[in-house]
1. Tell me, Kirkwood radius of the range 172-305 from alpha-carbon pair distances, in Å?
2. Ordered by packing density, taken as the mean number of other Cβ atoms within 10 Å over each peptide's residues, highest first, how do 221-231, 255-265 rank?
3. With θ set to phi - 60°, apply the Karplus curve 6.51 cos²θ - 1.76 cosθ + 1.60 along the range 198-203 and write out the HN-Hα couplings as whole Hz, x wherever there is a Gly or Pro.
4. Which whole-percent values make up P(r) of the range 51-152 when all C-alpha to C-alpha distances are grouped in 5 Å steps starting at zero?
5. Filter the trypsin sites (Lys or Arg not before Pro) in the range 90-147 to those in DSSP coil with at most 11 other Cβ atoms within 10 Å of their Cβ, and list the result.
6. Percent of Cα-Cα pairs per 20 Å bin, from 0 to the last occupied bin, for the chain, please list those.
7. Work out how much length Asp273 to Lys156 would gain on full extension: take 0.36 nm times their residue separation and subtract the Cα-Cα distance, in nm to one decimal.
8. Amide H of Ile214: which non-local residues (sequence gap of 5 or more, or other chain) have their own amide H closer than 5 Å, using H built in the peptide plane?
Amino acid sequence: MKNKFKNILITGGAGFIGFSLIKELCKSKFNIFVIDNFSTGYNKKFPKNVHLFKGNCKNFSTFEKLKKYSFDYVVHLAGVSSVEASFDDPVSDANSNIISTLNVLKFVKEKKIKNFIFSSSMCVYGDLNKNVREKDKTIPISYYGISKLTSEEYIKFYSLPHTTKVVLRLFNVYGPGSDKKNTKHGMVGIYLNQINKNNKVVVKGKLNRFRDFIFIDDVVYLIKKCMAIRNKSYNIFNVCTSKKTYVKDLIKKIFEIKNKNPKISVIKSTPGDQKGIYGNNKKIKNFFKIKKNMTSIVVGLKKTV
């Protein structure tokens with residue numbers, strides 16, 4: 001007997017993470033629905049079984065187009081994902097992240113959707129300068145971090161008795177398929193694009209800053225894992241490698257892989273930039289009994305380059 005295809009809605013499906021998730025889900029039995037406003041400049045050719053709805057999640061009218069469908073999952077990836085851009089326009093950041101999330105939650109409640117996954121950010125922690133765990137304090141230092149943390153609180157508080165809520169605090173996601181036009185988000189992609197275009201790297205902030213770089217394949221793998229949770233409660237996880245990588249070492253590794261020696265210029269850091277942060281991923285690995293390590297920065301960079 002043929003298995004019934006399950007319906008999944010992905011907001012922000014034309015973005016880097018969203019499109020990577022779609023490519024993976026197309027290998028399985030899913031009817032994939034996408035909401036995206038294409039604000040990032042993406043114009044990808046979607047697989048045939050993807051139903052695309054152009055619109056903005058900050059307007060609930062966008063979801064009215066989907067009322068006739070039932071859904072098993074919603075993965076909410078839409079929103080402005082840039083600390084720097086959030087300082088340029090805090091109102092736009094709030095609309096893109098907080099108001100959009102409230103509209104998605106309203107839709108999830110109306111449709112009694114079983115599984116809701118939200119992409120949050122390491123920025124909710126602020127500048128803790130350590131190996132952060134989910135139970136650590138959240139002290140954001142940017143409008144973006146505030147909007148993501150506010151969204152988390154709305155999700156936690158919002159009454160969804162039929163739904164499992166999953167919040168994923170994503171660290172620095174990188175890999176093939178990132179937006180080459182984005183100059184304000186995605187450190188690896190920004191540096192690679194600069195090297196390819198100008199053979200020069202402009203670093204905003206000090207070279208001794210550090211981050212936790214998580215490869216896109218691992219992010220997609222963990223999202224799929226979270227789609228199977230059915231505990232009808234609020235779950236929150238770091239999505240990271242638990243490895244600290246300094247900016248200067250990241251650039252050096254890219255240079256080695258590219259076999260180039262570009263010039264490095266260090267300029268003033270952007271507002272809200274975290275000096276150093278990396279995550280602890282024990283909670284999500286223990287929850288799913290994952291034994292393997294996440295992709296190393298060297299392996300991930302080689303695949304990306």
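Read the figures in this text as sums done on the coordinates, not as results from a lab. Since the model is a prediction, treat every value here as computed from it, not as a measurement. Ideal geometry is used to build each Cβ from the backbone, glycine not excepted, and the neighbour counts take in all protein chains shown.
1. 16.0
2. 221-231, 255-265
3. 10, 6, 8, 10, 9, 9
4. Each 5 Å bin holds this share of Cα pairs: 2, 12, 22, 21, 16, 13, 8, 4, 1, 0.
5. Here the sparse-neighbourhood loop sites are Lys135, Lys137.
6. Computed distribution, short to long bins: 34, 59, 7, 0.
7. Result: 39.5 nm gained on full extension.
8. Asn172, Val173, Tyr174
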